[in-house]
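The values are calculated or read from the model by the stated rules, or taken from the named source; none is laboratory data. Only a predicted model underlies this, so the values are computations on that prediction, with no experimental measurement involved. All Cβ positions, even for glycine, are placed from backbone atoms using ideal geometry, and neighbour counts span all protein chains on display.
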Amino acid sequence: MKIGVLALQGAVREHIRHIELSGHEGIAIKKVEQLDDIDGLILPGGESTTLRRLMDLYGFKEKLQQSELPMFGTCAGLIVLASDVEGESGYLNKLDITVERNSFGRQVDSFESELEIKGIATDIEGVFIRAPHIAKVGDNVEILSEVGDKIVAVKQDKYLGVSFHPELTDDYRVTDYFINHMIQK
Ligand code: GLN
């Protein structure tokens with residue numbers, strides 16, 4: 001399959017590597033027309049305000065809101081997929097969740113935590129960098145992982161969102177799950 005990584009900002013190359021390790025072709029997406037030629041899309045981390053601005057500028061917002069593509073958001077990418085952001089408005093509205101940005105208190109800058117992720121593994125290394133957490137989920141959202149009382153991974157239909165950065169480790173099982181279990185071809 002061909003899996004796109006939105007390449008306006010953030011850790012693009014690392015995601016492409018995980019796509020390739022999962023046995024598929026990874027494509028950096030810089031123009032909306034490229035969306036017609038892929039089977040799924042990864043929205044990387046970075047800074048969600050900047051990411052939203054660039055997505056507005058290059059026409060990605062409308063196109064992705066209408067799109068039926070399966071999507072996987074990491075960190076800022078998760079924020080972009082949410083229907084609601086604490087103190088701001090939601091954006092793509094693909095995941096029925098409320099996220100809170102930069103919300104890990106004293107550990108706000110960065111930390112790592114071994115995660116149990118439902119349906120994937122019990123030993124995923126989660127790298128959190130100024131990470132959001134998911135404060136509220138709608139009825140159709142499945143909670144896949146929590147750190148303490150904070151939700152850090154969810155799934156709804158063909159959309160997957162995580163607060164951390166799986167692409168920054170060598171372990172590609174989360175990306176593999178998105179592509180090989182969530183995308184029908
Ligand atoms: N703190 C960033 C934001 O709120 C997200 C950080 C990240 O993607 N690593 O947009």
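Taking into account only those residues within region 38-50 that are farther than 17 Å from Met1 by Cβ and out of contact with any helix residue (DSSP H, G or I) (no Cβ under 7 Å at 6 or more places or on another chain), which is nearest to the ligand (Cβ to nearest atom)?
That would be Thr49.
Please state which one of Ile38, Ile97, Ile79 is among the aliphatic types (A, V, I, L, M) and farther than 17 Å from Pro132 by Cβ. Full working, then the answer.
Details: Ile97 fails: farther than 17 Å from Pro132 by Cβ; Ile79 fails: farther than 17 Å from Pro132 by Cβ.
Answer to the check: Ile38.
Mind listing just one residue for me: the one in region 1-51 that is of a type in the set (Asp, Glu) and in a helix (DSSP H, G or I) and, of those, farthest from His181 (Cα to Cα)? Please lay out each step first, then the result.
Narrowing region 1-51 to residues of a type in the set (Asp, Glu): 14, 20, 25, 33, 36-37, 39, 47.
Filter once more, so that each one left must be in a helix (DSSP H, G or I): 14, 20, 33, 36-37.
Working: Glu14: 20, Glu20: 16, Glu33: 26, Asp36: 21, Asp37: 20 Å.
Ranking the candidates gives Glu33 first.
Spot the failing condition for Asp109; the list is (1) modelled with pLDDT of 95 or more; (2) surrounded by fewer than 13 Cβ atoms within 10 Å (Cβ to Cβ); (3) closer than 21 Å to Ala11 by Cα, and only one is missed.
(1)
Checking Arg106 against (1) free of Cβ contacts under 8 Å to residues at least 12 places away in the same chain; (2) under 21 Å from Gly46 (Cα atoms); (3) assigned to a loop (DSSP other than H, G, I, E, B), which single condition isn't satisfied?
That leaves (3) as the condition not met.
Restricting attention to region 41-64, which residues are closer than 20 Å to Ile134 by Cβ and among the polar types (S, T, N, Q)?
Passing the criteria: Ser48, Thr49.
In a strand (DSSP E or B), within 15 Å of the ligand (Cβ to nearest atom), over 16 Å from Ala11 (Cα atoms) and out of contact with any helix residue (DSSP H, G or I) (no Cβ under 8 Å at 6 or more places or on another chain): which single residue out of Asp96, Asp123, Asp84 fits that description? Can you show your working first?
Details: Asp96 fails: within 15 Å of the ligand (Cβ to nearest atom); Asp123 fails: within 15 Å of the ligand (Cβ to nearest atom).
Being in a strand (DSSP E or B), within 15 Å of the ligand (Cβ to nearest atom), over 16 Å from Ala11 (Cα atoms) and out of contact with any helix residue (DSSP H, G or I) (no Cβ under 8 Å at 6 or more places or on another chain) holds for just one of Asp96, Asp123, Asp84, which is Asp84.
Just to be sure I understand the filter: pairs with C-beta atoms under 8 Å, separated by 6 or more residues or on different chains, first member in region 44-69 and over 13 Å from Leu8 (Cα atoms), second member in a helix (DSSP H, G or I) and modelled with pLDDT of 95 or more. Which pairs pass?
Matching pairs, first to second residue: Lys63/Val32; Lys63/Leu35; Leu64/Leu35; Leu64/Met55; Ser67/Leu35; Leu69/Leu35.
Out of (1) farther than 27 Å from Asp39 by Cβ; (2) modelled with pLDDT of 95 or more; (3) of a type in the set (D, E, K, R), what's the single condition that is false for Asp171?
For Asp171, the failing item is (1).
Tally time: how many residues in region 51-76 are within 11 Å of the ligand (Cβ to nearest atom), farther than 18 Å from Lys31 by Cβ and not hydrophobic (A, V, I, L, M, F, W, C)?
So the count comes out to 2.
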